[in-house]
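Scroll down for the structure; my scribbles are underneath it.
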Amino acid sequence: MTTWLDDVFGVRKPVIAMLHLLALPGDPGFDSAGGVRAVVDRARAELAELREGGVDGVMISNEFSLPYLTQTEPITAITMARVIGELLPELTLPYGVNVLWDGRASIDLAVATGAQWVREIFTGVYASDFGLWNTNVGEAARHRQRVGGSDVKLLFNIVPESAVYLADRDLASVTATTVFATKPDAICVSGLTAGASTDAQALKVVKDSAGVVPVFVNTGVRAHNAAEQLAVADGAIVGTYFKQDGVFENRAVASRVTELMGAVKEFRSTL
């Protein structure tokens with residue numbers, strides 16, 4: 001069955017690489033000496049490595065804005081727009097954005113920069129490391145319409161990192177009602193943190209309950225388990241594995257990208 005993934009990526013089981021931006025102005029870890037220029041320069045260098053390694057798409061996020069806000073300050077999305085604007089000539093792959101953890105800001109950034117999708121926490125109420133985490137998917141959907149973003153695809157992270165769903169509901173029920181009531185364009189299933197393995201059984205439960213909605217494995221994909229995960233999921237989002245030595249804080253390197261994409265392409269040849 002053809003989905004929007006086929007139209008955007010043109011391949012089965014697409015792999016979206018995370019392009020993690022350094023800490024931004026206002027973030028505790030921001031390098032004021034290097035400034036925004038250092039953020040742009042590193043992003044440009046990593047984008048080149050990801051493209052050389054053969055990924056199918058890129059998602060740009062403020063991953064190093066730790067600790068995250070659930071309602072970001074304006075400077076975050078504004079700075080990300082500046083960075084993406086400088087990278088646009090080199091963004092020849094399909095690309096999306098993620099302003100952690102702010103759905104409205106992510107949608108605004110996508111509209112402003114021409115991104116084709118956003119990934120966010122759009123549904124549920126959680127107890128998290130960032131405090132009590134509430135959402136308003138109806139408002140987010142209407143905001144997307146108001147700002148002219150009806151073509152921007154919404155990827156719902158249904159198992160948030162660093163958080164637990166407050167309601168006593170099983171994952172299959174949450175998935176089924178999310179699909180029916182909130183109309184996600186895709187669902188992402190995560191592990192505990194960035195780079196942590198996604199539970200294979202949880203991934204299968206979501207896939208079995210999502211109907212025709214595409215499901216992405218959102219964390220923990222590695223060269224040795226890519227075929228196993230993609231045998232269930234419709235695509236993968238990969239960040240940490242592409243970094244030097246597989247360490248979250250390091251830069252992405254083409255050799256690790258090539259290694260994983262080789263495993264993915266071998267799996268695709270069997271489909």
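Taken together, the residues in region 232-271 that are in a helix (DSSP H, G or I) and of a type in the set (A, V, I, L, M, F, W, C) amount to 8.
Of all residues being in a loop (DSSP other than H, G, I, E, B) and touching a Gly at 6+ places or on another chain (Cβ under 7 Å) in region 122-156, which is most open to solvent (accessible area, probe 1.4 Å)? Just the residue, please.
Filtering first and then ranking leaves THR135.
Scanning region 209-242 for residues that are in contact with a helix residue (DSSP H, G or I) (Cβ under 7 Å, 6 or more places away or on another chain) and more than 24 Å from TRP4 (Cα to Cα) yields ARG222, ALA223, THR240, TYR241, PHE242.
For beta carbons closer than 9 Å, sequence separation of 6+ or different chains, a first residue in region 168-184 that is within 17 Å of ARG144 (Cβ to Cβ) and touching a residue at least 12 places away in the same chain (Cβ under 8 Å) and a second that is outside any helix (DSSP H, G or I) and among the hydroxyl-bearing types (Ser, Thr, Tyr), the qualifying pairs are THR178/THR123; THR182/THR123; PRO184/THR123.
Counting just the residues of region 157-204 that are among the basic types (Lys, Arg) and exposed (fewer than 14 other Cβ atoms within 10 Å of the Cβ), which one comes out farthest from ASN98 (Cα to Cα)?
Among those residues, the one meeting the criterion is ARG169.
Pairing each residue of region 54-80 that is within 30 Å of LYS13 (Cβ to Cβ) and in a helix (DSSP H, G or I) with any residue that is among the hydroxyl-bearing types (Ser, Thr, Tyr) and open to solvent by less than 30 Å² (accessible area, probe 1.4 Å), provided the two are 6+ apart or on different chains, yields C-beta distances under 9 Å for MET80/SER61; MET80/THR113.
In region 195-209, what residues are assigned to a loop (DSSP other than H, G, I, E, B) and in contact with an Asp or Glu (Cβ under 9 Å, 6 or more places away or on another chain)? Residue satisfying the conditions is ALA196 alone.
Against the test of being under 30 Å from GLU266 (Cα atoms), among the charged types (D, E, K, R), in contact (Cβ under 8 Å) with a residue 40 or more places away in the chain and open to solvent by 10 Å² or more (accessible area, probe 1.4 Å), the options GLU49, GLU86 yield a single qualifying residue, GLU49.
Cβ separations smaller than 7 Å between residues 6+ apart or across chains give the following pairs from region 227-244 residues that are hydroxyl-bearing (Ser, Thr, Tyr) to residues that are open to solvent by 10 Å² or more (accessible area, probe 1.4 Å): THR240/ALA194; THR240/GLY195; THR240/GLY246; THR240/PHE248; TYR241/ARG222; TYR241/ARG256. Among the residues of region 216-263, those that are in contact with a Pro (Cβ under 9 Å, 6 or more places away or on another chain) and either more than 12 Å from ILE16 (Cα to Cα) or of a type in the set (Gly, Ala, Ser) (or both) comprise ALA233, GLY235, ALA236.
The values are calculated or read from the model by the stated rules, or taken from the named source; none is laboratory data. Quick caveat: nothing in here was measured; it's all calculated off a predicted structure. All Cβ positions, glycine included, derive from the backbone under ideal geometry; neighbour counts span all protein chains shown. These area figures cover heavy atoms from the full protein model, side chains too; ligands, DNA and RNA do not enter into them. Shrake-Rupley method; radii C 1.70, N 1.55, O 1.52, S 1.80 Å.
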